[in-house]
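The values are calculated or read from the model by the stated rules, or taken from the named source; none is laboratory data. Since this is a predicted model, take the numbers as computed values, not measurements. No Cβ is skipped: glycine too gets one built from the backbone with ideal geometry, and neighbour counts run over all protein chains shown. Accessible surface areas use protein heavy atoms only, side chains included; no ligands, DNA or RNA. Shrake-Rupley method; radii C 1.70, N 1.55, O 1.52, S 1.80 Å.
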Amino acid sequence: MSLALEASGLHKRYRRWFFGGAAQNALCGVDLAIPRGTAFGLIGPNGAGKTTFIKCLLGIAWPDLGTVQLLGGSPQDPAVRARVGYLPERLHLPAAWKPLAFLGAVARLKGLDARPAELRALLQRVGLDEGSERRIGGFSKGMRQRLGLAAALIGSPELLVLDEPTDGVDPLGRVEVRRLLEAELERGATLFVNSHLLSEIERLCVRIGILSQGRLVREGPLEELCRAEASWEVRFAPGMPEAPLLAAGFRHAAEGAFLIDAKDAADLNAALERARLAGALLVDLRRASRDLEQVLTETLRNSA
Amino acid sequence: MKPRRRRFFWLLAALVLLVLAALVKRACSGPEASSRPPPEFPRSMRPAESQRMTEREVLPPGPRPGRHRDPVLSAVSAPDAGTALVFEASALRHSPVGQLLLDCLTSTAGQDGGESPLDDIRRLGVDPLQDLDRVAVGDDTVVVSGDFSRVQWDSAFGAASVEQYGDTGQIRSFGTQQDGGASPVLATWGNQLVLIAPTQEAARATLDRIEGRSPTGQLLGDNQAYGDVYGVLSGAALGQMLGPADSPLAAQFEGAARSVELHLDATRDVELVATVSGDDPAQLGDLGRALGGGLAAARARAVLTGDTSAAELLEYAQVVPGSEKFRLEMAVPFEVLKSMLAFCGGRPQFDAGR
Amino acid sequence: MKTLHVAADLLREATARKWFLGLGVAITALLLGLVGGLRLDVVDGALAATRLFGSVLQASVRPADVALRPVFIAASYLISYGGMAFGLLACSDFAPALLSPGRIEHLLSLPVRRWELLGGTFLGVLTLGLIGSLYGAGGLLVILGAKTGVWNWHPLLAAVLAVVGFGTVYSGMLLSAVLVRSAAVSAACGALLLFAGTLAGYRTAILASMREGPGRWAFAAWSGLMPSLSTLADAAANLAAARPVGVGQLGGVLAGCGLFSAAALALAVWHFEGKDF
């Protein structure tokens, strides 16, 4: 499977040449490989090095050690960067320009024909068709974010790197953005998303990585990471009193389900047998999962 | 990692370019061939000229009390004079145009196998290149100042009748000329001045002014004695100099100009300042504008014909209007004078009556 | 090339800024003032009188092209020094704005080389300067030509020379902005370069008046490297007045300014290429 992104042994250290201060290790040997066509979410606490990592991927910052390959090439190659769309965390937009002019400028810098019809269609995709005649200086935060997203989508890039893509966007807008990104995934693009909105990551991404203190402490499929190893979620037929189940070791879970901790299959079956003997009828059995917040918290605690 | 090789290229390029910039600056910073310096018009008396004037005021005040007097200015400034023009021969002699004139005189003599006028003067015992100081021209009198102590007047002009006049004056008359006209009268004042007057009365009147027995006119004062040539001409006299009597410019000058004060400097090129005074401001204004237009047209012609020297110097020509006068400033390039004197005229004749 | 796109974007940015709108309005107002208030009496190719809003400025009668020379010379110096001073203030924040967080990251993620960003910024600012100075010089020569019949295109050449001088100053400002992202520092650097370049043009005369010693050596060293901006301004003024200009010296000064600009830009690119954003 070809990789959209491959980082090997990335190290980055920020030194203060003037005014003293200790050097800061932003990245301490990060290895990451993202297959094409996947949606990857990078999460971590503030100061973990997420933005630095993204900058090193795109050639905006220079890693001290390690290599980066983007879409099979070097990020220094303009031809490679032409196939990448990037939305920075704090995108500066020229206040006196109109959206079409800005998108046109981006398109020209990408070496593309800035056809007004195509750019208008892009504005429509991101929900800015009504604001296309207003100057950017009069845009709200959410509108500016949508415009930035439109700029990232110019040229149908193979890799989209999005840093807080829904920052400032209203909840309905976030839904629209998510659908848009899902459409991009269906097109075959690869997504690399950095966001503090864990629910957004959960909905969009199939793989995540957790960065802490410059290290990639966990990485893998979302489902796997969120899976609770020794917990099972069980549903019984309605009408069963809860007391025997609680006595058998089950505990309440959300929406009428019960959780049972079992270290192995024998333990699980023994618990189920106790419930059956109490009169419960099993209708559903699955491994219990945690949300991303729990995963993140647990991971950071363990890595500390 | 940082693109070291690429960065090194840019750093090397920067250093090389900086060194090249310094080398180019060094190579091209020699003294540049300067264009012709702007002319210095004689608009007022310069300190050296003031000093010169003071040294020449050797005569006591005349009938009118005042400062000491310059004998040459006293000689040419008759009370009713219309013209008084002084040539500073000693200054002109050392100027480029003076050298040109001298070369012209000597080469002309060489061309026809004869002698130059300078040789005539030398035979009198005067070295024209050393002993002559000034030549002044009045309405009808020419005054030459210098050192004439070596001239043997009696042997040189033995045929003349000599009259002692005043303190140190001598008047030599030569009777009538071959064509029946009266010969000019040659007078001397000590060893310093030689006068050429039309009549004995004119010579006596000049000697009277020099020795303070009669008042001088106000035509040319001490404060106007600056430049290598200076003086006052009547409008009519200047008009005649400018062309035939029926030429429009001559007519315009005669009609509008009452007098013209001239100052000419020949240190490098010949720079001229002429202040034209008149009674009718309107006519004077028209004359000024006509002259200004004429100068502009001359410059345009010079530009068209590629005469860069003339064009360059005519850039400085201008007419500055005033209420009852205007000032004309123009410069004649040395190269133009040189071309004008390329063919020198015949020897001037001076009948010494011998 | 992407450099041209970056330059075009800068021009688009500049038109939205009040500085340049104000400059355009000021130049236009000045030119319109001359159109309405300047009366030149020309008779047979000679300028007889000059009146500005009724007041007689000069009444001497001289060839019209000669009489207009001081005007062209003054305009040339105004364009040279005034233009450089205005430019270093008005253009000082283009480069810092380019390098501002949020903008530079976005630009660097695009398929544009780093040197193209700097080159485009430099080219855009120079184009801005050229437009302004050509507009002023061109307007002046059109007005005076229409009023006097004297058509002298040399002020346009002088305007180009003035822009070369400004380019030298701006190259230093760009380098400063890459080193320290600050419009104030960039403007200060430009002012210093303008001052140093003006002194450098009088290097020979200044050295002649200095006594031997470390001060003289130091001045000789740095003034030998500085571009001779005052020499360029003087040459531009002479050109504007259709006076002779030493071709060798002018060529040397132009080459020196160009090489200095290129050196400053190369140094800026060297630093920019290795900079983290």
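For the residue pairs A:Lys55/C:Lys2; B:Lys25/C:Lys147; A:Lys110/A:Lys141; A:Lys98/C:Lys2, the C-alpha atoms sit more than 30 angstrom apart in B:Lys25/C:Lys147.
The distance between label points at B:Asp280 and C:Thr15 comes to 6.3 nm (points 7 Å beyond Cα on the Cα→Cβ vector). Here the calculated FRET efficiency for C:Trp153 and A:Ser74, from their Cβ-Cβ distance with R0 = 56 Å, stands at 0.65, rounded to the nearest 0.05.
If DNA, RNA and ligands are ignored and the probe is 1.4 Å, what is the ranking of A:Leu300, A:Leu282 by accessible area, most exposed first? If you can, show how the numbers build up before the last one.
Numbers: A:Leu300 45, A:Leu282 90 Å².
Order by accessible area, largest first: A:Leu282, A:Leu300.
At R0 = 25 Å, how high is the FRET efficiency between A:Ser231 and A:Tyr14 if r is their beta carbon distance? Nearest 0.05 is fine. The computed FRET efficiency comes out at 0.05. Note that region C:192-206 has calculated 3J(HN,Hα) couplings of 5, 5, 5, 5, 5, x, 5, 5, 4, x, 10, 4, 4, 5, 5 Hz, one per residue in order, obtained from phi through the Karplus relation 6.51 cos²θ - 1.76 cosθ + 1.60 (θ = phi - 60°); glycine and proline are x.
Using the charge dipole of the protein assembly as shown (Lys, Arg: +1 at Cβ; Asp, Glu: -1 at Cβ; taken about the Cα centre), state which of B:Leu238, B:Thr275, A:Leu198 has its Cα farthest towards the positive end. Going by the charge dipole, the pick is A:Leu198.
Enumerate by residue number the trypsin sites (Lys or Arg not before Pro) in region A:261-304 meeting two conditions: DSSP loop (anything except H, G, I, E, B), and at most 16 other Cβ atoms within 10 Å of the site's Cβ. Please report the intermediate quantities before stating the final value.
On the way: sites: A:Lys263, A:Arg274, A:Arg276, A:Arg286, A:Arg287, A:Arg290, A:Arg301; in loops: A:Lys263, A:Arg290.
Within region A:261-304, the qualifying trypsin sites (Lys or Arg not before Pro) (loop, at most 16 other Cβ atoms within 10 Å) are A:Lys263, A:Arg290.
Computed over chain A, the per-residue total of -39500 (n - 2.57) for DSSP H runs of n ≥ 4 gives a 222 nm mean residue ellipticity of -10000 deg cm²/dmol, rounded to 500. Against chain B, whose longest principal axis comes from its Cα atoms, helix B:281-305 is set at around 50 degrees. Using 0.36 nm per residue and subtracting the Cα-Cα separation, the extra length available between A:Glu118 and A:Arg251 on full extension is 42.3 nm.
Using all pairs of distinct alpha-carbon atoms, the Kirkwood hydrodynamic radius of the protein assembly as shown works out to 36.9 angstrom. When the P(r) of region A:157-213 is calculated, the portion above 18 Å amounts to 28% of the C-alpha pairs.
For the pair B:Thr168 and B:Glu201, what calculated FRET efficiency results from E = 1/(1 + (r/R0)^6), where r is the Cβ-Cβ distance and R0 = 25 Å, to the nearest 0.05?
On the way: r = 19 Å, r/R0 = 0.76.
That gives a FRET efficiency of 0.85.
By the rule of a C-alpha distance below 21 Å, with chain neighbours fewer than 8 residues away ignored, the lysines paired with A:Lys50 are A:Lys12, B:Lys2, C:Lys275. Pairs of Cα atoms nearer than 8 Å and 6+ residues apart set the relative contact order; for region A:172-277 it is 16 percent. Once you reduce region C:212-247 and region C:139-208 to the center of their Cα atoms, the two points are 12 Å from each other.
Our estimate of slack between B:Gln218 and B:Thr106, defined as 0.36 nm per intervening residue step minus the Cα-Cα distance, is 36.5 nm. The label-point distance for A:Glu273 and A:Ala22, in a model that sets each label 7 Å from Cα toward Cβ, rounds to 5.7 nm. Across region A:203-213, computed HN-Hα scalar couplings (Karplus, 6.51 cos²θ - 1.76 cosθ + 1.60, θ = phi - 60°) run 6, 9, 9, 9, 10, 9, x, 10, 9, 9, 6 Hz from first to last residue, x flagging Gly and Pro.
Residues whose amide H comes within less than 5 Å of that of A:Ala4, counting only those at least five positions distant or on another chain, are A:Ile34, A:Arg36 (H built at 1.01 Å from N in the peptide plane). Using the Karplus relation 6.51 cos²θ - 1.76 cosθ + 1.60 with θ = phi - 60°, the per-residue 3J(HN,Hα) values for region C:93-98 come to 9, 5, 5, x, 5, 4 Hz, with x marking Gly and Pro. Calculate how steeply helix C:214-225 sits against the longest principal axis of the alpha-carbon atoms of chain C, using the helix alpha-carbon long axis, and give the answer as 0 to 90 degrees to the nearest 10. Between helix and principal axis, roughly 80 degrees. Model label points for A:Ala33 and B:Asp154, set 7 angstrom from Cα along the Cα-to-Cβ axis, are 13.6 nm apart.
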